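For reference, the structure discussed in these notes is given below.
The values are calculated or read from the model by the stated rules, or taken from the named source; none is laboratory data. The shown structure was predicted, so the numbers you read here are calculated from the model rather than taken from an experiment. Cβ: placed from backbone, ideal geometry, glycine included. Neighbour counts: every protein chain shown. Side chains are part of the model used for accessible areas, which takes the heavy atoms of the whole protein and leaves out ligands, DNA and RNA. Shrake-Rupley method; radii C 1.70, N 1.55, O 1.52, S 1.80 Å.
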Amino acid sequence: MFSAQKDEGPFLLEWIAFHRSIGFENILIFSNDCSDGSDWLLDCVAETGAITHIRTTPGAKESAQGLAAKLTQEHPLYQKADWACWLDIDEFLNIKTGTGYVTDLVSAVGDRHGALLSWRLFGDSGLPNWHPQQLAVESFIRAAPKGAPVNNPVKSFFRTGAWIQHLYIHRPVFTDDAPELGLHLIDNDGSDLPAEVLFGKRNNGMPNKDNPNRNRRNLLAQVNHYAVRTYDVFQLKRIRGSGMKPTGASSELRGRRHGQHFWDKRNTNQKQDKSIHQNLPALRAELAVLLNVPEIAKAHEACCDAMAVRLRQAGSLNGE
């Protein structure tokens, strides 16, 4: 499992604890230019061996996510891994097959090359504000219908191998000869994905990132995507900007993606989904182990305090 983050301090331990609790053996996290203490928190967690943390400084023309992808492919943990998955800190792999562990997903994929798993986008679930004790997977229970277009984007759980040219945030980019190798991936229900999904390109030249199947039932797995959380926290996402944009881009350009239109489209609360709650006991147990380390608890509290200050500042700027 690998990810890139900036200023996500209060949410890191839940994400780490959850994915450790479902069986990810190695978690690689890249940070860049943090100002909330999250890099310190990740250092503290890394000292326990629970994760590997790498601080990065992307160049002005380089995106944080792009640099993380490049460094991941060069890292020994990735090169030695049989399976890999790239999720953001607001994305949780909700495995529904078997008992909900990574080994169950591996068994379901079988001898195929992996799975492209669509999102299930969760809204604010009627919660007005963030508080430090809030667990995303417990608090946000209202989501878009499974087959809604906002859930079409995929994230990937895949075998590593020579058929991967480079990594892209939604899915690997495959080599030109990959079709001849009989590349075979499945979707959320275990159905074979067509060639146009695997090898097609969008107008910008990037690989297809959507599964257009509107009838999916997410029987195998889904990616719970808490893209907005609460409105106050969403305002900070806009200020931080997109990790896919070059770090030297203007703050207006970096924050454009997370405008009011983003909130209006992704604050989806039509359906209830508590399926991930099966993992709550294991998550809480893993989280307790991490917070029992004094330095981790101290760093986590500092990140939450920094968040509270930023929320007050953002509220003042917005006239609240």
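Just a few scattered comments:
- Kyte-Doolittle at least -1.0, axis length at least 18 Å by Cα - qualifying DSSP helices, the chain: 9-21, 294-317
- With the simple model of a label 7 Å out from the Cα in the direction of the Cβ, L280 to T175 spans 4.7 nm.
- Cα shape, segment 1-97, gyration tensor, a/c 1.5 rule: oblate
- Ranking A60, A81, A4 by Cα position along the charge dipole of segment 1-110, where only Lys, Arg, Asp and Glu carry charges on their C-beta atoms, puts A81 farthest toward the positive end.
- Label sites at D264 and H184, each approximated as a point 7 angstrom past Cα along Cα to Cβ, lie 4.6 nm apart.
- Rounded to the nearest whole Hz, the Karplus-based 3J(HN,Hα) values (6.51 cos²θ - 1.76 cosθ + 1.60, θ = phi - 60°) of segment 130-137 follow the sequence 7, 9, x, 7, 6, 9, 4, 5, with x at glycine and proline.
- Average accessible area per residue (Å²) across the chain - probe 1.4 Å, nucleic acids and ligands excluded: 43
- Label of the coordinate-derived value, mean projected area of the Cα convex hull in nm², listed as [x] 18.0; [y] 26.0; [z] 15.4: [z]
- Here segment 146-208 is treated with +1 on each Lys and Arg Cβ and -1 on each Asp and Glu Cβ, and its dipole about the Cα centre works out to around 340 debye.
- For segment 1-78, the list of GluC sites (Glu not before Pro) that fall in a loop by DSSP and count at most 12 other C-beta atoms within 10 angstrom reads E25.
- Student exercise, the chain dipole from Lys, Arg, Asp, Glu Cβ charges, in Debye to nearest 20: 940
- Excluding exposed DSSP-loop trypsin sites (Lys or Arg not before Pro) (at most 15 other C-beta within 10 Å), longest clean stretch of the chain: 62-201
- Carbon/sulfur fraction of accessible area - the chain, other protein chains in place, 1.4 Å, %: 50
- Note on the chain: with a GNM built from Cα contacts shorter than 10 Å, the maximum mean-square fluctuation among A299, A285, A17 falls on A285.
- Of all DSSP beta bridges confined to the chain, the antiparallel ones make up roughly 60%.
- Taking amide H atoms as placed 1.01 Å from N in the peptide plane, the amide H of G114 lies under 5 Å from those of R159, I186, each 5 or more residues away in sequence or on another chain.
- Residue among Q133, Q165, Q235 with the largest mean-square fluctuation in a Gaussian network model of the chain, springs linking Cα atoms under 10 Å: Q133
- 3J(HN,Hα) along segment 194-210: x, 4, 5, 6, 6, 10, x, 10, 7, 4, 8, x, 7, x, 4, 10, 10 Hz, from the Karplus curve 6.51 cos²θ - 1.76 cosθ + 1.60 with θ = phi - 60°, whole Hz, x for Gly and Pro.
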